[in-house]
Amino acid sequence: GAGVSQSPRYKVAKRGQDVALRCDPISGHVSLFWYQQALGQGPEFLTYFQNEAQLDKSGLPSDRFFAERPEGSVSTLKIQRTQQEDSAVYLCASSLGPAGETQYFGPGTRLLVL
Amino acid sequence: AQSVTQPDIHITVSEGASLELRCNYSYGATPYLFWYVQSPGQGLQLLLKYFSGDTLVQGIKGFEAEFKRSQSSFNLRKPSVHWSDAAEYFCAVGSSYKLIFGSGTRLLVRP
């Protein structure tokens, strides 16, 4: 079956613009995660959904970052008023169960803020 | 504080040689441990994971890892490296859902 997909794969934004990044998890996966990967670093946790409920958003760097998963499948990560330090690869992952399961990652969206 | 340390930023090995990538963690409880591989432009692919039981874990592509509680380590090994193994390798530790990743080790393979 299809894996986790993300769109767009690349996004260039001018500083101050809003962006929306989409994640399509594996069908039937309950849990969905967003991570941020800065250049030369490992991914860092942003937020976690179980179905449509956002259970942990402790990793979101500021209130400019907002994530949603309204119907418990597709998720969108929105960044308002982008800043240069937001430039990174944003990875989405999904897992079958609510916790303790293997996370399957998408290819990521590379965001460059100029 | 919970953390993962991968002390080697880059490692270069010759094709056919053995490989060991180091991973040390700091975690309050007994963690879940993972190794992922990332090729350029690709997402993270799970190589293997340790939840409990046998401390020597076998993964895909001929990789294995050994959990050593006394050393807080989970080193990744492969007896004979192939050119296609060149990639970035990430060790991660987690509890119920949140993964904490190391900063990665880039593997270069000499022909």
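The values are calculated or read from the model by the stated rules, or taken from the named source; none is laboratory data. On a predicted model such as this, the values are computed, not experimentally measured, just so you know. Quick reminder, even Gly has a Cβ in these numbers, built from the backbone with ideal geometry, and neighbours come from all protein chains shown. Side chains are part of the model used for accessible areas, which takes the heavy atoms of the whole protein and leaves out ligands, DNA and RNA. Shrake-Rupley method; radii C 1.70, N 1.55, O 1.52, S 1.80 Å.
Structural remarks
- Residue ID - nearest to A:Asp18 (Cα to Cα), chosen from residues in the stretch A:92-113 that are out of contact with any Gly (no Cβ under 9 Å at 6 or more places or on another chain), of a type outside the set (A, V, I, L, M) and crowded, with 19+ Cβ neighbours inside 10 Å: A:Thr109
- For the stretch B:1-23, the count of residues that are of a type in the set (Asp, Glu), away from chain A (no Cβ under 12 Å), surrounded by 14 or more Cβ atoms within 10 Å (Cβ to Cβ) and closer than 22 Å to B:Val81 by Cβ is nonzero.
- The residues of the stretch B:61-83 that are more than 24 Å from B:Ser14 (Cα to Cα) and surrounded by 14 or more Cβ atoms within 10 Å (Cβ to Cβ), listed by number, are B:Phe67, B:Ser72, B:Ser73.
- Members of the stretch A:10-47 that are in contact (Cβ under 8 Å) with a residue 24 or more places away in the chain and within 20 Å of B:Ala87 (Cα to Cα): A:Tyr35, A:Gln36, A:Gln37, A:Ala38, A:Leu39, A:Pro43
- Qualifying residue in the stretch A:88-105 (condition: at negative phi and more than 14 Å from chain B (Cβ to nearest Cβ)): no
- Test: B:Gln58 is more than 14 Å from chain A (Cβ to nearest Cβ), open to solvent by 40 Å² or more (accessible area, probe 1.4 Å) and in contact with a strand residue (DSSP E or B) (Cβ under 9 Å, 6 or more places away or on another chain): yes
- Strands (runs of 3 or more DSSP E) enclosed by the stretch B:1-92 - at least 3 residues per element that are touching a residue at least 12 places away in the same chain (Cβ under 8 Å): B:3-5, B:10-14, B:19-21, B:24-26, B:32-38, B:44-50, B:64-68, B:73-78
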